[in-house]
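The values are calculated or read from the model by the stated rules, or taken from the named source; none is laboratory data. Given the structure is predicted, the values throughout are model-derived calculations rather than measurements. A quick note on method: Cβ atoms are made from the backbone with ideal geometry, for glycine too, and the neighbour counts reach across all protein chains shown.
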Ligand code: HEM
């Protein structure tokens, strides 16, 4: 915590825009101005801690350039950054973004692991879930209808993704509440400057999750089910098998990525459409517009606001020299508001022709593996919510999550109105 305060004071003194954009808590709740300032300063803005981009062409080029790699093992970062990141030196406490999580590894490990995980997490398997997602959404909406005034995040936006992902992973329903608490803790560790007491709590929670999965895998080996984890555990053959640590990291990543992100799509999407009722009406009139509306919501309300890469060697991109081990912070949410690609970038337009060009799911080899599932949950979740509750209205002031990397809402009080 002290390290963050010191780095922050120095960045303010130097007017170091890139570092402020990365660690200043004041910029986290409303970063739009920061993105505009960064873009005005160039495609890549170099600071003491990191180089930052909020430009769409620069971000897209960097994510597809194999000279830039996943930061991977954070303990190998240059010192000032290492002091800012949450680093666990205990393998038993490793979490969903620590190696060998897909997000943290590089080729050839990434290529092998991603091929194996994609084998069970296929587009066809996801499409087959449509009925399951609809049933889950209807069930949650039935319960809300009986209550009248509810917190939409707690009762719906958070419940739909966690129910779907635990179902397809084959994680027992009675573990959901516990995983939601663990996920919230794990999400907080994505931001810099986690207080030490929280760090210790997260470590303890990580150890518990890791040991729960070890027991769960042992059971799946004895009695496999018809779920994704059973299929991952069941992969056999030379080079075709995941190690025990790869299995745990993958299960944790699928679980956490499965609900910590989509909750924000559903929450932000609900608010955006309540604020633009005329666009909601256009969707009611022509439901075939929903998929494009989901892309536009992902663009303006990008649930994962940023990611990072590290230069593997001295290199150059778009005329900017980058030294080996240079950390680059890619403001996905900033790229998605780049006026050079999206005219009137701050305006929600569910019919925007190039909405799908957003980088909310990243790009290159780490492109979101769950994008099809997220799109399915976003579309069904929002469509059914507004179909069932045509008079849905705010019942209080929504509160934003304070986190920088994951962007969304902590609470959204709503009156559900008459149910259709
Ligand atoms: C990767 C966003 C939902 C599974 C990513 C990345 C982003 C992202 C930005 C890449 C990060 C990087 O390049 O460093 C989102 C958003 C979602 C969402 C905005 C919802 C709206 C999901 C879901 C799942 C999922 C539902 C599935 C269970 C993954 C996995 C990766 C990933 C496994 C790692 C892929 C790799 O490194 O090769 N996601 N995601 N995501 N996502 Fe998602």
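Points to keep in mind about this one:
One line per residue, one yes/no per condition, for (1) exposed (fewer than 13 other Cβ atoms within 10 Å of the Cβ); (2) on the phi > 0 side of the Ramachandran plot; (3) touching a strand residue (DSSP E or B) at 6+ places or on another chain (Cβ under 6 Å):
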position	(1), (2), (3)
100	no, no, no
106	no, no, yes
112	no, no, no
117	no, no, no
126	no, no, no
130	yes, no, no
134	no, no, no
137	no, no, no
147	yes, no, no
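- Here is the figure for the range 286-313: residues that are more than 16 Å from the ligand (Cβ to nearest atom) and either surrounded by 15 or more Cβ atoms within 10 Å (Cβ to Cβ) or modelled with pLDDT under 95 (or both) total 2.
- Residue check for residue 360: touching a strand residue (DSSP E or B) at 6+ places or on another chain (Cβ under 9 Å) and in a loop (DSSP other than H, G, I, E, B): yes
- Number of residues in the range 380-399 that are within 16 Å of the ligand (Cβ to nearest atom) and surrounded by fewer than 19 Cβ atoms within 10 Å (Cβ to Cβ) equals 1.
- The set of residues in the range 172-191 being touching a residue at least 24 places away in the same chain (Cβ under 8 Å), surrounded by fewer than 21 Cβ atoms within 10 Å (Cβ to Cβ) and either on the phi > 0 side of the Ramachandran plot or more than 15 Å from the chain's Cα centre (by Cα) (or both) consists of 175, 181.
- Residues in the range 352-374 that are farther than 26 Å from residue 107 by Cα and buried (at least 20 other Cβ atoms within 10 Å of the Cβ) were compared, and the one that is nearest to the ligand (Cβ to nearest atom) is 355.
- Test for residue 82: is it exposed (fewer than 14 other Cβ atoms within 10 Å of the Cβ), in contact with a helix residue (DSSP H, G or I) (Cβ under 7 Å, 6 or more places away or on another chain) and modelled with pLDDT of 95 or more: no
- When residue 62 is tested against (1) at pLDDT below 95; (2) surrounded by 20 or more Cβ atoms within 10 Å (Cβ to Cβ); (3) in contact with a strand residue (DSSP E or B) (Cβ under 7 Å, 6 or more places away or on another chain), only condition (1) is not met.
- Restricting the range 236-261 to residues that are assigned to a loop (DSSP other than H, G, I, E, B) and within 16 Å of the ligand (Cβ to nearest atom), the residue that is nearest to the chain's Cα centre (by Cα): 261
- Residues that are out of contact with any helix residue (DSSP H, G or I) (no Cβ under 8 Å at 6 or more places or on another chain), at pLDDT 95 or above, surrounded by fewer than 23 Cβ atoms within 10 Å (Cβ to Cβ) and assigned to a helix (DSSP H, G or I) do occur in the range 38-52.
- Any chance residue 334 is farther than 30 Å from residue 125 by Cα and assigned to a helix (DSSP H, G or I): yes
- Answer from 340, 335 - the residue that is surrounded by fewer than 17 Cβ atoms within 10 Å (Cβ to Cβ) and within 14 Å of residue 56 (Cβ to Cβ): 340
- Criterion violated by residue 348 - all others in (1) part of a loop (DSSP other than H, G, I, E, B); (2) out of contact with any strand residue (DSSP E or B) (no Cβ under 8 Å at 6 or more places or on another chain); (3) within 11 Å of the ligand (Cβ to nearest atom) satisfied: (3)
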